[in-house]
Amino acid sequence: MNLYQTPPQTIADAQRAIKAGELTCRELLERCFQNIEEKEPVIHAWAHLDREAAFDRADLLDQELQRGRWRGPLHGIPVGIKDIIDVKGMPTQAGFVGRDNPPATRDATLVENLRLEGAIFPGKTVTTQLASFDPSPTRNPWNQAHTPGGSSSGSAAAVAAGMCLAAVGTQTGGSIIRPAAFCGVAGLKPTFGMVDRQGVILLSDHLDHVGPIAQSLVDLVIMLDGMTDQATYLPLLIEPVTAAPRIGWLSDFFLTRAEPAMQKALTEVREKLTAAGAPIRDCSLPAEFENILDEHLALMQYEMRQELGGDYEQNRGDYGPAISQVLEAGREVSLKRYEACLDYQSLIGQITRRCFARAEILISPATFGPAPDLTTTGNPGMNAPWSLTGFPTITIPVAVTEQGLPLGIQITGHPDKFDDLLLASQWCEDVLRPGFLEQCP
């Protein structure tokens with residue numbers, strides 16, 4: 001049963017209707033809750049819902065519109081918040097079933113920013129336990145026998161199923177890009193440090209990112225501007241992007257590891273982008289890149305052990321097998337090995353910048369292939385390199401397999417040239433999105 005919402009409703013479309021008086025904030029929220037009521041028994045995207053508070057908020061925002069106050073593009077937009085991020089008045093369970101955590105007494109900084117911009121929070125979306133590798137109960141809206149990915153499982157699934165128009169995720173390895181790609185929506189892992197992490201459960205100080213999941217690139221930018229309390233990037237995309245970007249095509253590390261369905265999709269993507277006028281050249285990564293997954297893993301294991309080890313030792317019975325394995329492995333990572341990982345992180349970030357000498361963006365597969373079954377959240381190996389380097393990365397859906405599952409590409413930008421990434425990604429989405437929507441059932 002395919003529960004992906006087609007055609008998808010975007011923030012941009014909803015906001016135009018709200019500003020024109022064709023749609024109220026309450027009506028938009030009612031549509032989302034109707035989808036929640038119909039699909040949540042199958043999808044399991046939500047860890048906590050607060051219908052009463054959400055509708056009270058919608059009514060308040062409608063009253064503000066009647067008085068002539070419009071807070072901006074997020075005014076009245078329902079947004080899901082991953083359940084490792086604090087929302088005042090809601091518990092933060094972090095994927096633990098049965099823990100009696102009290103409601104948060106304050107918003108995380110990014111949630112406070114979104115609230116000020118007019119966002120409505122229907123509830124908290126499901127995360128894998130402590131944003132790690134143990135599969136959550138959430139199902140993929142395209143096919144419920146398949147994973148939505150992780151760890152931002154509920155965020156991606158809720159957006160794909162039309163339960164909210166956007167959601168917030170986090171990424172230590174591949175937890176924004178992978179679930180967004182598996183669920184056929186767009187995701188943005190910003191440059192490291194771009195979004196404040198106060199009020200977010202920390203797993204790895206040198207790897208954790210916070211970013212949005214939504215239906216389109218413009219929606220991602222609206223969300224990012226709201227999360228950072230800076231209306232900075234949306235003006236870039238007000239006018240159509242007509243200049244084709246210079247594209248570096250990553251084959252040696254990424255495409256060679258991809259499954260046949262992904263390789264086929266990437267071949268078609270390259271043909272479409274070339275036909276539309278983009279100059280594409282194969283880009284070789286530095287030799288040191290071959291070690292990046294091992295270095296990422298050791299760094300993550302060490303820092304997760306430092307952050308979570310105390311609670312794990314006291315409550316081992318609460319922890320799933322996958323996260324337990326990570327935390328046990330963290331014992332074996334020495335301080336010397338950890339410091340070597342940090343040195344490698346600095347080195348690989350510097351030398352990989354050379355790939356942008358003749359390209360605005362780098363393109364690679366967002367995942368190894370379509371979403372696998374429910375025994376796993378999928379392999380984060382396509383995404384972890386950009387979590388380690390901190391380079392900003394966007395995924396957009398580009399194809400649907402013969403089995404009816406979506407595939408996405410991964411667009412990576414220079415860490416100091418975020419504007420270039422957004423403009424280039426918008427151009428790519430304009431070229432590729434119509435073909436994807438035609439393939440949607």
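Tabulated values for the structure
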read-out: Of GLU37, GLU295, GLU360, the one that fluctuates the most in a GNM where the chain has Cα springs shorter than 10 Å; value: GLU37
read-out: Cβ-based exposure ranking for SER425, SER175, SER364, in which fewest neighbours within 10 Å come first; value: SER364, SER425, SER175
read-out: Sites THR256 and THR376 - FRET efficiency at Förster radius 25 Å, r taken between beta-carbons, to 0.05; value: 0.70
read-out: Cross-link table LYS82/LYS336; LYS19/LYS82; LYS19/LYS88; LYS39/LYS82; LYS272/LYS417, entries beyond 30 Å C-alpha to C-alpha; value: LYS82/LYS336
read-out: 222 nm mean residue ellipticity, helices alone, for the chain (DSSP H n ≥ 4; -39,500 (n - 2.57); rounded to 500); value: -12500 deg cm²/dmol
read-out: Rounded to the nearest 20 debye, dipole of segment 304-353 from Cβ charges on Lys, Arg, Asp, Glu; value: 220
read-out: Set of aspartates and glutamates with alpha-carbon distance to LYS264 below 15 Å, sequence-local pairs under 8 removed; value: GLU402
read-out: Total charge dipole magnitude, segment 178-239, about the Cα centre, Cβ charges on Lys, Arg, Asp, Glu only, Debye to nearest 20; value: 240
read-out: Most positive-pole-ward Cα, PHE192, THR242, THR375, against dipole of the chain from beta carbon charges; value: THR242
read-out: Hz values of 3J(HN,Hα) by residue in segment 316-322 - Karplus curve (6.51, -1.76, 1.60), Gly and Pro given as x; value: 4, x, 7, 8, x, x, 5
read-out: Segment 290-347 - percent relative contact order, Cα under 8 Å, separation 6 or more; value: 51
read-out: Per-pair calculated FRET efficiency, R0 = 51 Å: ALA145 and LYS19 via Cβ, rounded to 0.05; value: 0.80
read-out: Spin-label model distance (nm) - MET1 vs ASP343, 7 Å beyond Cα toward Cβ; value: 5.6
read-out: Spin-label model distance (nm) - ASN315 vs GLN63, 7 Å beyond Cα toward Cβ; value: 3.8
read-out: Segment 393-401 - phi-based ³J(HN,Hα) in whole Hz, Karplus 6.51/-1.76/1.60, Gly and Pro as x; value: 9, 10, 10, 10, x, 10, 7, 10, 6
read-out: Choice from ALA166, ALA94, ALA104 with maximal GNM fluctuation in the chain (Cα, 10 Å cutoff); value: ALA104
read-out: Estimated dipole of the chain in Debye, rounded to 20 [Cβ of Lys and Arg +1, of Asp and Glu -1, Cα centre]; value: 440
read-out: 5 angstrom amide H check on ALA104, placed H, neighbours 5+ away; value: VAL87, GLY89, MET90, THR92
read-out: Within segment 1-71, trypsin sites (Lys or Arg not before Pro) in DSSP loop having at most 11 other beta-carbon neighbours inside 10 Å; value: ARG67, ARG69
read-out: For ILE409, distant residues with modelled amide H under 5 Å away; value: ALA366, ILE396, VAL398
read-out: Fewest-first ranking of SER324, SER155, SER346, SER204, using other Cβ atoms within 10 Å as the exposure measure; value: SER346, SER324, SER204, SER155
read-out: Two-site FRET efficiency, THR267 against GLU27, from Cβ-Cβ distance with R₀ of 41 Å, rounded to 0.05; value: 0.40
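Throughout, read-outs are computed from the coordinates displayed, never taken from laboratory work. Since the model is a prediction, treat every value here as computed from it, not as a measurement. Positions of Cβ are generated from backbone atoms using ideal geometry, with glycine treated the same way; all protein chains shown enter the neighbour counts.
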